[in-house]
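Q: For reference, the structure I am asking about is given below.
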Amino acid sequence: MRRKIVAGNWKMNGDSAFIAKIIPALENVAVADGNAIVIAPPYPYLLSVSQAIGSNRLSLAAQDVAYTENGAFTGAVSASMLADVGCSYCIVGHSERRALFGETDAYVALKIDRLHEVGIVPIVCVGETLEQRESGLTLSVVEQQVRLAVGHLSADMLSRVVLAYEPVWAIGTGKTASPQDAQEVHAHIRGVLASIAGDVAERISILYGGSVKSSNASELFSQKDVDGGLIGGASLDASDFSRICSLLS
Ligand code: 13P
């Protein structure tokens, strides 16, 4: 059985009051053994969320990491710092980092390596733009992103990666990929992973992201190769996010 994961990416949102509200709500959600609720607050709140979760029912993620080790990189945060404050996951290659902050596939690959050195599981985001989808390029774009990010990993290291398919046109727009479209891309990603690492691909969780809400999550997550979700806007609503997380029971 593959691990099912619901991860909340708060992006540049949230504050101490929100943490005090959402953590107790999530602590009450029943989650089957092996599945995981992951929370990715902004950097300044990682330590307080880490202390607030206190149990192993919730896991902590960062939203990004430096591609280098500690040193003279003003404003950057290293993988070892993330491990030090209790992160067990870290998002890399989010389309907002790619589009707004110049993240390249080469940086994504380096960041995955830094995270693996400290035992943090990368959540590697891939996805096509609307223009690429309309040009029939979805599968090739996503395949190239996957290969450039994780193609250099051994099967063992690849087993310690989570993928997230996030079509750029579905992020924050209210438009969701249909469950069938999501399944098609997820199955393709799994095929690419199998070509890199064989049977290990069957054990890798592939999350869907892009306007997931409690009203559409169940149908998306019931697709064969959709192993949960990476949630933006709805992760900022304690009751909606709790309902999505309850699908992990
Ligand atoms: P939305 O759920 O707000 O569309 O965001 C998805 C996302 O980018 C999660 O990383």
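The values are calculated or read from the model by the stated rules, or taken from the named source; none is laboratory data. Since this is a predicted model, take the numbers as computed values, not measurements. Here the Cβ is made from the backbone with ideal geometry for all residues, glycine too, and neighbour counts use every protein chain on show. Just the protein is used for accessible areas: all its heavy atoms, side chains included, with ligands, DNA and RNA removed. Shrake-Rupley method; radii C 1.70, N 1.55, O 1.52, S 1.80 Å.
Q: Net charge around Asp240, counting only other residues with Cβ within less than 14 Å of its Cβ (Lys, Arg = +1; Asp, Glu = -1)?
A: Overall, the nearby charge balance is +2.
Q: Can you tell me which of Ala66, Ala182, Ala30 moves the most in a GNM of the chain? Springs connect C-alpha atoms under 10 Å apart.
A: Maximum fluctuation in the GNM of the chain, among the listed residues, is at Ala30.
Q: Please give the per residue accessible area of the chain, computed with a probe of 1.4 Å over protein heavy atoms only, in Å².
A: 43
Q: Which helices pass in the chain if a helix is a full DSSP H run, must span at least 15 angstrom along its long axis by Cα, and must have mean Kyte-Doolittle hydropathy not below -1.0?
A: Sorted by number, the helices that extend far enough and score high enough are 16-27, 105-117, 138-150, 179-197.
Q: Let me ask something else about it. For the chain, what is the relative contact order in percent, using Cα pairs closer than 8 Å and at least 6 residues apart in sequence?
A: Computed value for the chain: 23 percent relative contact order.
Q: Separate question: What is the total of Lys pairs in the chain with C-alpha atoms under 22 Å apart, excluding same-chain pairs fewer than 8 positions apart?
A: 10
Q: Here's something else I'd like to know. Within 13 Å, Cβ to Cβ, of Cys125, how many net charges do the neighbouring residues add up to if Lys/Arg are +1 and Asp/Glu are -1?
A: Summing Lys/Arg as +1 and Asp/Glu as -1 gives -2.
Q: Looking at the chain as a GNM with Cα springs under 10 Å, which of Leu82, Leu158, Leu110 has the largest mean-square fluctuation?
A: Highest fluctuation among the options: Leu110.
Q: Using the Cβ atoms and a cut-off under 9 Å, what net charge is assigned to the surroundings of Gly210, where Lys and Arg are +1 and Asp and Glu are -1?
A: 0
Q: Using a ≥ b ≥ c from the Cα gyration tensor of the chain (square roots of the eigenvalues), is it rounded, prolate or oblate, where a/c under 1.5 gives rounded and otherwise the larger of a/b and b/c decides, a/b for prolate?
A: Cα axes put the chain in the rounded bin.
Q: Let me ask something else about it. Out of the DSSP beta bridges found with both residues in the chain, what percent are antiparallel (nearest 5)?
A: 0
Q: Which of Ala109, Ala76, Ala201 ends up with the largest GNM mean-square fluctuation for the chain, with Cα atoms connected below 10 Å?
A: Maximum fluctuation in the GNM of the chain, among the listed residues, is at Ala76.
Q: Just grab the label-to-label distance for Lys175 and Asp199, each label 7 Å out from Cα along the Cβ direction, in nm (one decimal).
A: Those two pseudo-labels are separated by 4.2 nm.
Q: Using the per-residue mean of other Cβ atoms lying within 10 Å as a proxy for protection, in what order, highest first, do the peptides 83-90, 226-233 fall?
A: Working: 83-90: 18.5, 226-233: 25.8.
Listed from highest to lowest mean packing, they are 226-233, 83-90.
Q: With all protein chains present, how much of the accessible area of the chain (probe radius 1.4 Å) comes from carbon and sulfur, to the nearest whole percent?
A: Roughly 53 percent of what the probe reaches on the chain is carbon or sulfur.
Q: I would also like to ask the following. Take peptides 206-216, 170-180 and line them up by average Cβ neighbours within 10 Å, highest first, as a rough protection proxy.
A: Per-residue Cβ counts within 10 Å, averaged per peptide and sorted highest first, yield 206-216, 170-180.
Q: Using helices alone, I'd like the mean residue ellipticity at 222 nm for the chain: each DSSP H run of four-plus residues gives -39500 (n - 2.57), total over residue count, nearest 500.
A: Mean residue ellipticity, 222 nm, calculated: -12000 deg cm²/dmol.
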